[in-house]
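See structure below.
The values are calculated or read from the model by the stated rules, or taken from the named source; none is laboratory data. Just so we're clear, the structure is a prediction, and the values are computed from it rather than from any experiment. As a convention, Cβ positions derive from the backbone with ideal geometry for all residues, glycine included, and neighbour counts pool all protein chains shown. The accessibility values were calculated without ligands, DNA or RNA, using every heavy atom of the protein model including side chains. Shrake-Rupley method; radii C 1.70, N 1.55, O 1.52, S 1.80 Å.
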Amino acid sequence: MANVDRDRRVQVDRTDKRVHLQPSYEDDVGFGGYGAGSDFKSRGPSTNQILALIAGVPIGGTLLTLAGLTLAGSVIGLLVSIPLFLLFSPVIVPAALTIGLAVTGILASGLFGLTGLSSVSWVLNYLRGTSDTVPEQLDYAKRRMADAVGYAGMKGKEMGQYVQDKAHEARETEFTTETHEPGKARRLIS
């Protein structure tokens, strides 16, 4: 029977990316060598696994218990605080807005101070002559301004041409209306 089982094994192509499940037919009864024919040392867990289990179960259980207590306390605290929030909301909302505005003001003043310090630092570096790129920055700014002015002039010409075309179209359109006098028609050009 063992020869027949060994003949049923399939050769595996290592370059094939598909998953192949192959049952192993051994003389031992059981799964993975834990049968009657295997020796005792290969059947049991190692010493490291036992120590990890002994240390891990109490620590994991304690942390899981603390997580459950924290969740229960949070839910109870939320249930108790909802009526308090509803009762004191006329005071809490303006206080929260005031605190939010104060924090925003403090952060804004810090940013303005940081911007001022960096500006002073830039000016001092410029006056000392350590900043070599200032002329290039000025040339770049001049070119950008000239480009922007040229673009605005081009758009202005296009808009002027558009207005002239519309005025020409409006001039060519004729409306005929009746005046108060019967039988006479008057042309209006707009």
Efficiency of FRET between Val103 and Val123 - r from beta-carbon atoms, R0 22 angstrom, step 0.05: 0.10
Heavy-atom accessible area order for Phe88, Phe112, largest first, 1.4 Å probe: Phe112, Phe88
